[in-house]
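Novice: Shown below is the structure under consideration.
Quick note: the coordinates plus some simple rules give every number you see, no bench work behind them. Here the structure is a predicted model, which means the values were calculated and not measured. Please note: Cβ atoms are built from the backbone with ideal geometry, for glycine as well, and neighbour counts cover all protein chains shown.
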């Protein structure tokens, strides 16, 4: 798997207020961005897990910490197919 590095500038005051080092903050940013992209439907749970640096099962468990319902997109698809059959 080829990866790319993305650099973002973070004010030191943010790290100090969060009481976290650069590595921990970077890890949290990866998880947060993966969760949000999954929630928006832009990444599948597998791809979001890959971005977060964890297995898909771990990622699904992490979603609860951020109040994101796992399988929301799958549920929407099922509801859509059910509605089509009942037309």
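Novice: Do the conditions hold for residue 1, that is, is it in a loop (DSSP other than H, G, I, E, B) and surrounded by 14 or more Cβ atoms within 10 Å (Cβ to Cβ)?
Specialist: no
Novice: Moving on to the next point. Based on this model, can you work out whether residue 32 counts as farther than 22 Å from residue 54 by Cβ and not in a loop (DSSP other than H, G, I, E, B)?
Specialist: Taking the combined requirement at face value, the residue does not satisfy it.
Novice: Suppose we filter the stretch 22-43 for residues that are in contact (Cβ under 8 Å) with a residue 12 or more places away in the chain, closer than 13 Å to residue 63 by Cβ and surrounded by 14 or more Cβ atoms within 10 Å (Cβ to Cβ); how many remain?
Specialist: 6
Novice: Identify all residues within the stretch 8-21 that are surrounded by 12 or more Cβ atoms within 10 Å (Cβ to Cβ) and farther than 19 Å from residue 65 by Cβ; write none if there are none.
Specialist: 10, 15
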